[in-house]
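Notes to accompany the following structure.
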Amino acid sequence: MEEKATESKGESPEEITGKTSKKRSGASRFFLGLLKVCCFLVLYLVVGAAAVGGGVGWHYLDANNDYDLSKVEELAAGAEVVDAHGRHIGRIGATDRKLIKREDIPPVFIDALLAAEDQRFFFHPGFDPAGTMRAAIANYRAESIQEGGSTLTQQLARDVYGLEGRHIERKLNEIALAFWIEREYSKDEILVHYLNRIYFGSGFYGVGAAAKGYFDKALSDLTVDESAMLCGLIRSPSRFSPFVSQKLATANRNQTLQRMVSIGRLSREEMDLLIAQPTAVANNRDQRIFRGQASFLLKRMEKETRELIGDRSLEGLTIHSSVDLEFQQAAAFEIDRHLKNLHREKPDVDGIEELEGAAVVVHNKTGRLLLTVGSRDFHGSEYDRSREMKRPSGSAFIPFVYAAAFESGSYDPSSILTDAPFDNREMGLGGMSGVLGEWSTENPENRWEGPITAARALQLSKNSPTARLGLEIGLKRVSDLIAKAGIQTPVRELSGSLLGASEMSLSELVRAYTIFPNRGVPAPRIGLIESISFGEETVFSSGWKVETERAISEETAALISSLIGNEQSGTTPAFTDGWHFGFNEEYTWGVWVGKDTFETIYPLAFGGETAGPIVDALLESASLERGQAGEQVTASNPAPVASEPEMKRKASVQPATTALIGADPYGTLGLK
C-alpha cells in the first residue's frame, strides 16, 4: 500500500525524507525562537527586578546608615534588684552574663553553630540569599520550620536594635543593618557579640551562662553533643531547653548533628555514636529551683517596673523589692517537695506527675508581697500561675457569699437555711446534671442536714444551703462585693458562680481575702516593688498613700473571720483545683494546686489535702503565726464546728454572734 501510494504521487523515498526534514527544521527554528524570546523576557524581568531591588536596597541601606553601630558592643547594666533584706537578686533591663572571648569558643561549637544557624557565615556580607532560599526549600519539604532564614549577623542586628514583627519592612531594615555591622566588625567580633547576647532558655543569657547552667562547664570544655544541643535550642530556647523538654532538646541536638554531617564537619559514624547516647545535663533540681526563683522574680519585677515608670530608662536604677528571696526559694522548694510526695503516694493516678503549684503571701496593710511563686520549677515552666492563670475558685469563694448575705441585713449567722437535695440544673456546675453534690472543702460524705444555720453551713462549706442563699440575695450583690475586694476579673453571669465556677487569679483571691483581717478594707494593689530610686531621687514608693474602698463592714469581717477560723480551703466540683487561704493580723496567704490541662487531680482531691500542707510548711519556714481566731487550727485540722443546738438558736445578730463565735476578734462589735 505504501509503495502504491508513493508511486501514485511520483515521489521517491529520498524526496519524502527531505520534505520531512525541512518540516522538522522549521519546527525547531520556531521553538528555538520562542525559547529565545522567553529567555529575553526572563532576562528583562531579572534586570528590572534587580534595578527595582537595587533601588529599594539602596534606600534601606542609606536609611539605616545613621544607626549607632557602637551599640553592638554595649551590654546595658540595667537596674539592680534587691530583696527586702538588701540581698542582690539580679538585674533587669540587662542580665547577669558570663562574658566570653573568641579564644573561649572551641572549634566544635563553631561547627555546630554554623550547621544549625548560618552555614555560610564566613562567606556572606551579612545576609545570605542562597541560605534563605535553601532554608525555605528545606522547610517546605519538611512541612515545618526546620531552618531559619536569618544569618547570625541579622539575628545580632535584631537583638541589638530591638527590631520586632514579621513584616517585610522589618526584614529589610534587619538586612541593611547586618550589612553595616559587617562593614564595621570582623567575623570573629560579630561571633563573640552574638554569643554573649542571645537567649539560651531557662534564664540563661549568653553562651557562657548557658554552658555553666546546663552542663556545669566552661564553654571551652563543651563536647560535640553538648555544643549541638545548645545550638539546637537557639531557634526556640523556651521550648527546646533541656530543663523544659529533654525530648525536644535531644531531637534538636540530633538535627544539628545531622547538619554537621551534611556540611562535612562530622563523619556519619561519629554522628551515629553521638545520637545513640543521651547528653547529660547538670540537673540538680534543688539548685534549679532556687536559681529559677531569682529568674522568676526578675522577670515579674521587670513587668511591674514598666507598669510603674513607663518608658523611662532602667539604667542606674535600684529597685527595692518587698519579697524575701530566701523565703521565696524555700516556698518553691516546699511546693515541689509536696507535689513529689503526692506523686509517690498516688503513683497509679494518671498525670499526677504533671501537678503544678503556686503561692502568694501579701502584707495586709500595704499590699506588698512577701513571696509570689508562679510554678514549682521556673526553669521547667515560666508560666506565672500566681498572677496570669485564672481558675475556678470552688468552695474557696463561699465566704464572700456569706459576707454579702450578712451585709444585706437580711441574714446573720443564726439564720436558718436548708441543706437538702438541690437540682444542679439551676447552678450548672461543670455542666453536670442531677442533684447538686455535697463535695466541699473537707466533706467527703454526702450528708444532708436539713435545717442548718448560716454559721454551720459556712463552717462546713455546704454547697446546697450556700446555693440557696446566693440565689436569694442575687449574684449581683456578691459580684459587687468581690469587685470592691479587689477581684478585677468579671464574674460570669451564671448561677454556678455563687459556688466558685467563675475563674479568677490566685493573686486576686489573696487580695480579696485581706478584707477579713483588714476589718473590711482590701489591701492596696498588690505588688513586689517597695521603692525605686535613682541615686538620691525616689522614683516610686509604695508608701505613697493609696486609697482603697471599703468592701464590707468591720462587723461582717469579724464574723467571717471567726466562723472560718481565719482559714478556708477550696475545692472545685470535678477536683481540678485545690486552694487554701488563711490570714493573721499582718499577712494573708493563698496556695493553688492543679494541672494546667484542667484535668482531675485525683478523686476526692480536697484543697485541705492538696494545698493545705504547703501552707503549713510555708508558715513554719517563715515563722508566721495564724491569727487569733485560728491559732489552734492547721490546714489539715479545720476549726471546730459549733454544736447544732447552739447554732440553731434564734436571736438578734449580736446575741447570736456571742453564742456562735465567743470572743470579739477586733473589739468592734460592741458585745458585752
Report task. On the protein heavy atoms, probe 1.4 angstrom, tell me the percent of accessible surface of the range 223-305 carried by carbon and sulfur. Result -> 52
Query raised in the report: Which FRET efficiency, nearest 0.05, do GLU73 and LEU494 yield, Cβ-Cβ r, R0 51 Å?
Result: 0.30
**Report entry** J(HN,Hα) series, the range 337-342, from Karplus relation 6.51 cos²θ - 1.76 cosθ + 1.60, nearest Hz, glycine and proline x
**Finding:** 4, 5, 5, 5, 5, 4
Requested in this report: Calculate the spin-label point distance for GLU354 paired with ALA84, positioning each point 7 Å from the Cα along the beta-carbon direction, and give it in nanometres.
Outcome: 3.6
**Report entry** Area of SER410 that stays accessible when all protein chains are in place (1.4 Å probe, Å², to 10)
**Finding:** 90
Query - Per-peptide average of other Cβ atoms within 10 Å, ordering 305-313, 463-471, 413-421, 568-576 highest first - result: 568-576, 463-471, 413-421, 305-313
Requested in this report: Can you tell me which of 263-276, 179-192 comes out highest on packing, and rank the rest after it, using the mean Cβ neighbours within 10 Å?
Outcome: 179-192, 263-276
Report task. Hey, can you find the accessible area per residue of the range 228-346 for me, probe 1.4 Å, expressed in square angstrom? Result -> 46
Query raised in the report: So, by mean Cβ neighbours within 10 angstrom, what's the order for 506-519, 229-242 with the highest one leading?
Result: 506-519, 229-242
**Report entry** Phi-based couplings in Hz for the range 468-480 (Karplus 6.51, -1.76, 1.60; Gly and Pro marked x)
**Finding:** 5, 5, x, 5, 5, 7, x, 5, 4, 4, 5, 4, 5
Report summary line: The pairs in LYS71/LYS98; LYS187/LYS217; LYS299/LYS476; LYS247/LYS390 lying past 27 Å Cα-Cα in this model are LYS299/LYS476; LYS247/LYS390
Query raised in the report: Taking 0.36 nm per intervening residue step and subtracting the Cα-Cα distance, what contour gain separates ARG285 from ARG183 on full extension?
Result: 32.2 nm
Query raised in the report: In square angstrom, rounded to the nearest 10, how much accessible surface does ILE526 have for a 1.4 Å probe?
Result: 30
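The values are calculated or read from the model by the stated rules, or taken from the named source; none is laboratory data. If you're wondering where the values come from, they're calculated on a predicted model, not measured in any experiment. Note that we place each Cβ from the backbone using ideal geometry, even for glycine, and neighbour counts take in every protein chain shown. The area values use the complete protein model at the heavy-atom level, side chains included, leaving out ligands, DNA and RNA. Shrake-Rupley method; radii C 1.70, N 1.55, O 1.52, S 1.80 Å.
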